[in-house]
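Read through the structure below, which is laid out as structure tokens, and then see the notes.
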Amino acid sequence: MRLHDNITSGNGYKVRLLLTQLGLPFERIEYDIDKGETRTKEFLTRINPNGRIPVLEVEPGFLLSESDAILFYLAEGTPFLPDDRRRRAEVLQWMFFEQYNHEPNVATARYWITHRLLNPAREAQLPGKREAGYAALQLMEDHLAPRRFLVGERYTIADIALYAYTHVAGEGGFDLSRFPAIGAWLARVAAQPRHIPITQG
Ligand SMILES: N[C@@H](CCC(=O)N[C@@H](CS)C(=O)NCC(=O)O)C(=O)O
């Protein structure tokens, strides 16, 4: 399999992490997202008409985008996705939450800051991103306080989806020391077999 990716991307990291934990070999193709390499005619035509990484090229003619959909595809039939109907739906619940409430705030603030993309318009949006990002983190904190993992007391792709940008939230200006249950959960996720850091390609 080939993973169209950017090494700084938490969305790409989700897929790298699961592929590694599943022991599946893959070739990684790096794109410079700041230089618009995912917006070329070639990329839009052949890789992803939505102009974004990650994209997993499972086989010629089968290219899958959207990080959480890729996780769901890869995890099918493995311990990373429960068999139970309720638990599977809860995994999806957390992954949709990640995409709607968490990633647009926590990840976007990190991206603008670490890629030095702040401008007056974005500076003006940062307080709103912080408020909504903190609300998402508080929701996770309350859920995790009496639990070890997000769903069914075991490590699943819901944990991978939310770990990716939560563990680097500090780079976006979020103070994680306010969230002890998240801190303990981050350590549990990082202690899973075959865990890799976000910097590993
Ligand atoms: N919802 C998508 C978001 C993908 C996304 O935003 N990718 C960013 C990098 S993290 C990207 O490719 N940005 C380049 C661009 O938009 O031109 C997912 O979860 O995969």
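Quick one: 195, 167, fewest Cβ neighbours within 10 Å first, how do they rank? Don't skip to the end; give the middle numbers.
Numbers: 195 14, 167 21.
So the ranking, lowest neighbour count to highest, is 195, 167.
Filter the GluC sites (Glu not before Pro) in segment 91-166 down to the DSSP loop ones having no more than 16 other Cβ atoms within 10 Å, then list what survives. Show your work: numbers first, answer last.
Numbers: sites: 98, 123, 131, 141, 153; in loops: 153.
Those that pass, being in a loop and sparsely packed, are 153.
Enumerate the calculated ³J(HN,Hα) couplings along segment 73-81 in order (Karplus 6.51 cos²θ - 1.76 cosθ + 1.60, θ = phi - 60°), each rounded to whole Hz, writing x wherever the residue is Gly or Pro.
In residue order, the calculated couplings are 4, 5, 7, 3, x, 10, x, 7, 9 Hz.
For segment 22-106, what relative contact order do you get, as a whole percent, if you take Cα pairs closer than 8 Å and at least 6 residues apart? Don't skip to the answer; put the middle values down first.
On the way: 44 pairs, mean separation 9.8, N = 85.
Dividing the mean separation by the residue count of segment 22-106 yields 12 percent.
Coordinate-derived values only; no laboratory data. Here the structure is a predicted model, which is why all the values come from computation and not from measurement. Note: ideal-geometry Cβ built from the backbone for every residue, glycine included; neighbour counts use all protein chains shown.
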